[in-house]
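S.K.: Input: one structure, supplied below.
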Amino acid sequence: MNESTSAAETDNQMMDRKTRVSSVHFDGLSNTNPIIFNPIVSGLMKPNSLGDVIEAIGTASARLKRLDIFKSINFKLEKSHEFEGEIDIIINVVEKGRFELRTETQIGNQEGDLVISGKARNCAGRAEVLSGIYSVGTLTTSSFQLAFTKPLKRHCHSFDLSAHKTIHNLQSFRSHHEVLRGAALNYKRATKYGEHDCTYNATWRELCSPGPNASWAVRSQMGHTLKSSIKHTFTRDLRDNPGLSTGGYRISLTQELAGLGGDASFFKAEGDIQKYIRLHHSGLTLSLGARAGALWATGGTSAATSISDRYFLGGAMSMRGFNMAGIGPRDRNDSLGGDAFWATGIQIRSPIPLLQKSTGDTLQLHSFFNAGSLANFSSDSAHRGLFQRLKDSPLRASTGVGLILQMGPARLEFNYCLPVMYAATDLQKRGFQLGVGLNFL
């Protein structure tokens, strides 16, 4: 028997050794009521072996971090002073300040924002958070949100109530502004399979300020509508890096039903999947992505969907080689969107050998191929089914090469694009294209 085998057997024996937890203590609490940690303490008291204790500590650490009220969390195991053969768990924590105010600039999804945010933590000593965010930007003219968040049992669940007002400047591709005012009730639950996010949203929507060259299709939708909807999103994210991943995958599935009062009445279903594969020891990474979505009006056979609810396809981070919302039906200079879409992306990424020591993996080369389509809203196809219209819609495709720069959660791309399949109404972006975003294909 060699030394490595003997060491492995010794480790296994140690992990299987019978061990009971005598007590759990928190050190460093000043603003937090310790009663909220009872579910965590209960989970730490259950294990009967050292291996189970270590696993329970990992689970407890994740739950404590999710509360976002601690700067640091450290676990320490000590022999029990009261019961022989048992251990005590001491959890040393450093609480974050009760109040936080900061300003920052954010870049993502083809716009830049100046953000002012504030938080009041532990409002009642039970890990509640009252937060407010105000931002001004290039596409989102201004946005304000006030939210109250409360963790629930076992801290795998959270509940928040929020109010918001947002003004979107959509003049560049839809020739109008959109003002959103509303409130939302949100419930999140983390499971071993992924995270569930359920939201009830009541939003008063105003389409206003049509541009001088706005089309009749856009002008006819100006005015006020009320959307009352419930929305569910399931996300499973096993990527090793949210930006430049080299392995793992991410799946997101969303359903939204509107019509619980108000003017909007529709059902939406969307899916997004990304898969990353490292190609042996070459340093290359293969990235595969796909998205699809469909929108059904539920207000009767003659019901039409609102331009606010439709899908828009095209842009430097989705269908490269096309302008923002440049794919699909148009009226004059306005993109009208579609009620169904699909899009795929294939990328091969590589670090830059001569610069890898100085830039690490934050700067990479890539080549890409994108393909997709958007369902047509023309009246002559209204009698056909949704998926038949999507099938009959022209295929769009583009290819190219470029540079990727990872900047925190956002990603900047500078690409040379070549559209290879397109429709006559599409706005192509042949040549160099710059894109910034949090979501990409």
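S.K.: Quick one: count up the residues across the stretch 41-66 that are touching a Pro at 6+ places or on another chain (Cβ under 6 Å) and under 30 Å from L130 (Cβ atoms). Talk me through it step by step, then tell me what you get.
M.R.: If we filter the stretch 41-66 for residues that are touching a Pro at 6+ places or on another chain (Cβ under 6 Å), which is where we start, we get 53, 56.
Remaining after also requiring under 30 Å from L130 (Cβ atoms): none.
Selection size over the stretch 41-66: 0.
S.K.: Can you say whether G259 is of a type outside the set (A, V, I, L, M, F, W, C), closer than 29 Å to G182 by Cα, part of a strand (DSSP E or B) and modelled with pLDDT of 95 or more, as far as the supplied structure shows? It would help to see each step written out before you state the result.
M.R.: On the way: of a type outside the set (A, V, I, L, M, F, W, C): yes; closer than 29 Å to G182 by Cα: yes; part of a strand (DSSP E or B): yes; modelled with pLDDT of 95 or more: no.
No, not satisfied.
S.K.: Please pick out the residue among R320, R349 that is in a loop (DSSP other than H, G, I, E, B), of a type in the set (K, R) and either on the phi > 0 side of the Ramachandran plot or touching a residue at least 24 places away in the same chain (Cβ under 8 Å) (or both). Can you show your working first?
M.R.: Values: R349 fails: in a loop (DSSP other than H, G, I, E, B).
Unique residue meeting the criteria: R320.
S.K.: Being of a type in the set (A, V, I, L, M, F, W, C), in contact with an Asp or Glu (Cβ under 6 Å, 6 or more places away or on another chain) and in contact (Cβ under 8 Å) with a residue 12 or more places away in the chain is true for just one of L185, L207. Which residue is that? Steps first, answer last, please.
M.R.: Numbers: L185 fails: in contact with an Asp or Glu (Cβ under 6 Å, 6 or more places away or on another chain).
Exactly one of L185, L207 is of a type in the set (A, V, I, L, M, F, W, C), in contact with an Asp or Glu (Cβ under 6 Å, 6 or more places away or on another chain) and in contact (Cβ under 8 Å) with a residue 12 or more places away in the chain, namely L207.
S.K.: Can you pull out every residue in the stretch 323-338 that is on the phi > 0 side of the Ramachandran plot and surrounded by 22 or more Cβ atoms within 10 Å (Cβ to Cβ)? Full working, then the answer.
M.R.: Step one: list which residues in the stretch 323-338 are on the phi > 0 side of the Ramachandran plot, which gives 325, 328, 332, 337.
Listed by number, the residues that qualify are A325, G328, G337.
S.K.: I'm trying to understand the selection: among the residues of the stretch 190-244, which are of a type in the set (A, V, I, L, M, F, W, C), surrounded by 15 or more Cβ atoms within 10 Å (Cβ to Cβ) and within 23 Å of Y276 (Cβ to Cβ)?
M.R.: A190, F234, L244
S.K.: What number of residues within the stretch 398-423 satisfy the criterion of being at pLDDT 90 or above and outside any strand (DSSP E or B)?
M.R.: Selection size over the stretch 398-423: 2.
S.K.: Give all pairs with beta carbons closer than 7 Å in which a residue from the stretch 156-171 that is assigned by TED's automatic domain parsing to the domain that holds I36 and within 30 Å of G43 (Cβ to Cβ) meets a residue that is hydrophobic (A, V, I, L, M, F, W, C) and modelled with pLDDT of 95 or more; count only pairs at least 6 apart in sequence or on separate chains.
M.R.: Qualifying pairs under 7 Å: none.
The values are calculated or read from the model by the stated rules, or taken from the named source; none is laboratory data. Just so we're clear, the structure is a prediction, and the values are computed from it rather than from any experiment. All Cβ positions, even for glycine, are placed from backbone atoms using ideal geometry, and neighbour counts span all protein chains on display.
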